[in-house]
Amino acid sequence: MLYAGLRISEVLSLELDDITISDLMNKDNQRDFYEIYLKDTKSKEEQTAIIPIIYIQKELEYFKTLKNNK
């Protein structure tokens, strides 16, 4: 989660349901960003981070596969 600027503690508290496709559009009018909903932040306030889909797509697919195989 380096590209989103998240702290280690924020990443460790993430769940797959905390990551959703954003409504933001790129220059080609496509939705290609994820929104990461952060519940446990240093400031104790809920926040949202934005990251391009291409940076974490493969990892998300892997973790979703693991979750579905349980």
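The values are calculated or read from the model by the stated rules, or taken from the named source; none is laboratory data. Owing to the predicted nature of the structure, the values given are computational and were not obtained by experimental measurement. Please note: Cβ atoms are built from the backbone with ideal geometry, for glycine as well, and neighbour counts cover all protein chains shown. Quick note on the areas: whole protein, heavy atoms, side chains included, nothing else; ligands and nucleic acids left out. Shrake-Rupley method; radii C 1.70, N 1.55, O 1.52, S 1.80 Å.
With 0.36 nm allotted per residue and the present C-alpha distance subtracted, the residue 30-residue 70 stretch has 11.1 nm of extension available.
Protein heavy-atom accessible surface, 1.4 Å probe, per residue over the chain: 80 Å².
Length gained on full extension, residue 59 to residue 11: 16.0 nm, using 0.36 nm per residue less the C-alpha separation.
Calculate the dipole size of the chain relative to its Cα centre from +1 charges on Lys and Arg beta carbons and -1 charges on Asp and Glu beta carbons; express the result in debye to the nearest 20.
Here the size comes out at about 200 debye.
Helical content alone sets the calculated 222 nm signal of the chain at -9000 deg cm²/dmol, taking -39,500 (n - 2.57) per DSSP H segment of four or more residues and averaging over every residue. Spin-label model, residue 22/residue 42: points 7 Å from Cα along the beta carbon direction are separated by 2.1 nm. As a fraction of the 1.4 Å probe accessible area of the chain, surface on carbon and sulfur atoms comes out at 51 percent. Ordering 5, 62, 48 by Cα displacement along the dipole of the chain toward the positive end leaves 62 in first place; charges were set at the Cβ atoms of Lys, Arg (+1) and Asp, Glu (-1).
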